[in-house]
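Trainee: Attaching a single structure in structure tokens format; questions to follow.
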């Protein structure tokens with residue numbers, strides 16, 4: 001999937017979906033047969049079976065990232081008519097969204113690299129994350145929020161870099177303004193985040209608004225958290241003008257912060273996510289536990305408790321933690337006791353080559369020696385077969 005590795009899982013291959021291969025097989029059957037009507041009916045039958053067996057994850061637009069520069073709108077499953085129209089009308093924006101998808105998935109994997117669920121993706125699977133997103137859990141809440149944030153971030157950045165035909169720098173940042181330091185002139189290229197937000201609303205939220213069930217309301221709420229997170233970290237950057245840099249005059253522009261800040265913020269929101277239920281008229285949420293506060297627009301919300309992610313569970317979409325690297329001495333989520341779910345761990349002694357004794361040489365190079373060190377690597381044991389069968 002998108003050339004990404006699955007952090008923390010170097011010793012295990014992920015389960016791959018066979019949906020693509022089945023579809024390709026159907027296509028070969030239709031094109032290579034002399035009996036077109038019969039094989040066309042067979043193709044339709046296979047396609048219906050494929051659609052029934054494929055997990056239903058609404059945000060199939062995540063798959064745009066796997067297509068790279070060759071985004072073909074008709075090849076993205078699950079898009080509704082409005083989304084497909086926008087895709088066909090704005091191929092340059094779709095390419096920016098695809099590049100952004102790689103970035104927010106990497107950020108998701110960074111944030112959960114030391115946890116049982118580590119935001120793993122599935123190769124060649126249009127759902128990207130598999131069945132784990134079917135559950136209305138706090139993990140799904142986080143993914144919807146950070147994916148939406150990633151889309152807004154990618155589109156806004158592409159606008160400022162002049163890569164898109166339909167937008168450029170923020171046109172509202174013109175003339176003079178002032179802040180705590182005094183007056184300044186708007187100049188440079190302010191990031192046009194309003195365009196990024198509006199396009200994301202039109203493209204992503206449109207499908208959720210058509211459904212209007214409990215999961216759609218949850219997704220819309222967490223989408224809002226994602227776009228608010230990007231806007232939260234907009235900053236004012238300025239350049240001073242004057243004699244010897246005296247800053248008697250300033251030219252300023254609005255710019256997005258590094259996406260890591262958004263990832264860190266949403267991760268904190270994940271930790272404090274609030275479990276909710278639908279109210280009686282099905283239009284909003286109420287807290288599942290009355291002892292907790294009501295969620296605000298900035299809080300992530302979820303309906304269902306998460307699985308423990310300890311063992312492979314195809315129904316829940318859990319890949320398990322067998323083979324995951326853990327820290328023997330840590331008492332946190334990356335510790336072997338927690339990561340391995342009490343199953344124990346194997347220890348392997350490995351030799352690593354690292355750079356050492358680095359020295360700076362004028363001007364301007366850093367030269368290092370290569371040193372070898374022997375370390376112990378601890379990996380989680382697989383569950384006993386009887387225990388594994390109980391979960392699959």
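Nothing in this text is a laboratory measurement; each read-out follows from the coordinates by a stated rule. Note that this is a predicted model, so its numbers are computed, not measured. Glycine gets a Cβ as well: all are built from the backbone with ideal geometry, and neighbour counts include every protein chain shown.
Trainee: What is the distance in Å between the Cα centres of segment 235-251 and segment 304-321?
Mentor: So the separation of the two Cα centres works out to 54 Å.
Trainee: For residue 84 paired with residue 330, estimate the spin-label separation in nm (one decimal), with each label point 7 Å from Cα along the Cα-to-Cβ line.
Mentor: 4.5 nm
Trainee: For a Förster distance of 35 Å, can you work out the FRET efficiency between the beta-carbons of residue 372 and residue 163, rounded to the nearest 0.05?
Mentor: 0.20
Trainee: Let me ask you something else. Can you give me the distance in nm between label points at residue 279 and residue 360, each placed 7 Å from the Cα along the Cα-to-Cβ direction?
Mentor: Roughly 6.1 nm, to one decimal.
Trainee: Additional query: Give me 372, 103 sorted ascending by neighbouring Cβ count inside 10 Å, so fewest comes first.
Mentor: The fewest-first ordering by Cβ neighbours comes to 372, 103.
Trainee: Continuing with this model, one more query. Return the distance in nm (one decimal) between the two label points of a simple spin-label model at residue 350 and residue 315, each offset 7 Å from Cα along Cα→Cβ.
Mentor: Taking the two extended label points, one gets 3.5 nm.
Trainee: Once a ≥ b ≥ c are taken as the square roots of the eigenvalues of the Cα gyration tensor of segment 321-392, is the result rounded (a/c under 1.5), prolate (a/b larger than b/c) or oblate (a/b not larger than b/c)?
Mentor: prolate
Trainee: Determine, for each peptide in 297-310, 76-89, the mean count of other beta carbons within 10 angstrom over its residues, then list the peptides with the highest first.
Mentor: My ranking of the peptides, most packed first, is 297-310, 76-89.
Trainee: Taking a label point 7 Å from the Cα of residue 249 along the Cα→Cβ vector, which residues of segment 158-181 have an amide N closer than 11 Å to it?
Mentor: none
Trainee: Mark the label point 7 Å from the Cα of residue 240 along Cα→Cβ and return the residues of segment 175-209 whose backbone N is within less than 14 Å of it.
Mentor: 181-182
Trainee: Moving to a separate point now. Return 345, 148, 315 ranked ascending by Cβ neighbour count within 10 Å, so the fewest neighbours appear first.
Mentor: The most exposed by this proxy come first: 315, 345, 148.
Trainee: What whole-number distance in Å separates the alpha-carbon centres of segment 141-212 and segment 272-298?
Mentor: 29 Å
Trainee: Separate question: Using the 10 angstrom Cβ neighbour count as an exposure proxy, how do 186, 62, 117 rank, fewest first?
Mentor: Arranged by neighbour count, lowest to highest, 186, 62, 117 become 186, 117, 62.
Trainee: When a/c reaches 1.5 or more, the comparison of a/b and b/c decides; with that in mind, is segment 265-360 rounded, prolate or oblate per its Cα gyration tensor?
Mentor: prolate
Trainee: Sticking with this structure for a sec: Based on the Cβ-Cβ distance from residue 384 to residue 298, what FRET efficiency comes out when R0 is 51 Å, to the nearest 0.05?
Mentor: The value I calculate is 0.70.
Trainee: Once the Cβ-Cβ distance between residue 306 and residue 110 is put in as r, and R0 is 25 Å, what FRET efficiency do you end up with, to the nearest 0.05?
Mentor: My answer for the efficiency is 0.80.
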